[in-house]
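Below is one structure, written out as structure tokens; the observations come after it.
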Amino acid sequence: MNLNIDLLQKKFGKSLIIKENLSKYNWFNLGGPADIFFRPENKDQLVKFLKEIRKNNYKIYILGAGSNTLIRDSGVKGVVIKLSSKFSDIRLLEKDTIEVGAAVLDRKVSDFAQNNDISSMEFLSCIPGSIGGAIIMNSGCYGSDISKILLSIKVIDENGNEKEIKNDEIKFYYRGTNLPKNYIILSAILKGTVSSKQLISEKQEELIQRKKESQPSQIKTAGSTFKNNNDKKAWMLIKESGCDKLSVGEAKISEKHCNFFVNNGKAKASDIEKLIHKVKKEVQAKTGVSLELEIKIIGNEK
Ligand SMILES: Cc1cc2nc3c(=O)[nH]c(=O)nc-3n(C[C@H](O)[C@H](O)[C@H](O)COP(=O)(O)OP(=O)(O)OC[C@H]3O[C@@H](n4cnc5c(N)ncnc54)[C@H](O)[C@@H]3O)c2cc1C
């Protein structure tokens, strides 16, 4: 590492942690440390930090709520940036339009919208991530996804330059976008439709109930492991291939939903990754379909 760590720590104080264990920042509860873990308090501090580390060609990874990410056991060589709660403001711009910080949790946005009589954001109450993660993943469920309510985003690139990007400048596809990897989303403007608190609340409840019935809860998982971008849903292909009962160490497959892979308590990230490879290989052999990973895997191989 070429950086003067002491100097960095002096400059960024408690926002910067060296060798921070990442297991507490993701839903699998797995993963080793990040060389440098940075939680900016505000945009200016983020810009200053990016300019500082730019000179050293570090690989930068952005972490949201970690609900779609598997972090390898040996951790992340480089920098992990996780926006602090200071990037979690939500404010009403117009009667159907809100501005939200990228670190705010989706369900909080859904609740804020409900409180302000804004519909079309009910689905966000079912997704456990942050708004930044939802945009990068084009997250959604039950026929909705974030691309349908997004007007624009504010991003910062690795050089610290800020820009606004409108929805029609972004290509959204199933669980992804064409946004460059080096963009850090700071905030977004979302537009819904005006409705009544009561109706919105009923819709939220209905969706949450549907989720509870079809998917497991209170487990260490990152949700759907593989994308549902084939004729058959990933869980069907996994079941048909006889993979739904496979396991590697303490890495298991949920009995309730076989596209949800689970850390049963003592799994290593490498167990989850091996299970992923095993299932992918088996499904390919039995059905001819090559499953595409939905979750993101980050960190060093060794
Ligand atoms: C129980 C469970 C249920 C789920 N159900 C659904 C569902 O119904 N529908 C669905 O679509 N997904 C679902 N997911 C997956 C996951 O919740 C979503 O993909 C979510 O939007 C990820 O957000 P996150 O903040 O946790 O992202 P992370 O996992 O932290 O990151 C995901 C990606 O987003 C990037 N990212 C995050 N924040 C930023 C930012 N500010 N700027 C730039 N890049 C950023 C990361 O670099 C990474 O590439 C589920 C997951 C779980 C655990």
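The values are calculated or read from the model by the stated rules, or taken from the named source; none is laboratory data. Bear in mind that the values here come from a model prediction, so they are computed numbers and not experimental data. Cβ sites come from the backbone with ideal geometry, for glycine too, and all protein chains shown count toward neighbours. Calculation scope for accessible area: heavy atoms of the full protein, side chains included, ligands and nucleic acids excluded. Shrake-Rupley method; radii C 1.70, N 1.55, O 1.52, S 1.80 Å.
For residues in segment 213-241 being in contact with a helix residue (DSSP H, G or I) (Cβ under 9 Å, 6 or more places away or on another chain) and open to solvent by 50 Å² or more (accessible area, probe 1.4 Å), which is farthest from the ligand (Cβ to nearest atom)?
Among them, the one singled out is Glu240.
Having 3 or more residues that are within 11 Å of the ligand (Cβ to nearest atom), of a type in the set (S, T, N, Q) and more than 14 Å from Gly299 (Cβ to Cβ) is the bar; report the strands (runs of 3 or more DSSP E) wholly within segment 44-91 that clear it.
The strands (runs of 3 or more DSSP E) meeting that bar number zero.
Within segment 203-302, considering only strands (runs of 3 or more DSSP E) that don't extend past its boundaries, which have at least 2 residues that are closer than 30 Å to Asn115 by Cα?
Working: elements: 220-224, 251-253, 260-263, 296-298.
Answer list for segment 203-302: 220-224.
Inside segment 1-45, can you point out the residues that are touching a residue at least 60 places away in the same chain (Cβ under 8 Å) and more than 30 Å from Asp271 (Cβ to Cβ)?
Ser15, Lys43
Condition first: open to solvent by 30 Å² or more (accessible area, probe 1.4 Å), among the charged types (D, E, K, R), in a loop (DSSP other than H, G, I, E, B) and in contact (Cβ under 8 Å) with a residue 24 or more places away in the chain. Can you find one or more residues in segment 162-175 that meet it? So that I can check it myself, show each step before the final result.
As a first pass, look at segment 162-175 and keep what is open to solvent by 30 Å² or more (accessible area, probe 1.4 Å): 162-164, 166-169, 171-175.
Remaining after also requiring among the charged types (D, E, K, R): 162-164, 166, 168-169, 171, 175.
Remaining after also requiring in a loop (DSSP other than H, G, I, E, B): 171, 175.
From the residues that got through so far, the ones that are in contact (Cβ under 8 Å) with a residue 24 or more places away in the chain too are 175.
Yes, segment 162-175 has at least one match.
So, of the residues in segment 74-98 that are buried (at least 17 other Cβ atoms within 10 Å of the Cβ) and of a type in the set (D, E, K, R), which turns out to be nearest to Ser196 (Cα to Cα)?
Only one residue fits best here, namely Asp96.
Which residue pairs have Cβ atoms closer than 7 Å, lie 6 or more positions apart in sequence or on different chains, and pair a first residue in segment 106-123 that is among the aliphatic types (A, V, I, L, M) with a second residue that is away from the ligand (no atom under 16 Å from the Cβ) and open to solvent by 20 Å² or more (accessible area, probe 1.4 Å)?
Within 7 Å, the pairs are Ile118/Asp96; Ile118/Val194.
Return the residue satisfying two criteria in turn: it lies in segment 179-205 and is more than 14 Å from the ligand (Cβ to nearest atom) and free of Cβ contacts under 8 Å to residues at least 24 places away in the same chain, and of such residues it is farthest from Arg107 (Cα to Cα).
Gln198
I'd like to verify a number: residues in segment 45-63 that are touching a Leu at 6+ places or on another chain (Cβ under 9 Å) and open to solvent by less than 60 Å² (accessible area, probe 1.4 Å), how many?
Residues in segment 45-63 being touching a Leu at 6+ places or on another chain (Cβ under 9 Å) and open to solvent by less than 60 Å² (accessible area, probe 1.4 Å): 9 in total.
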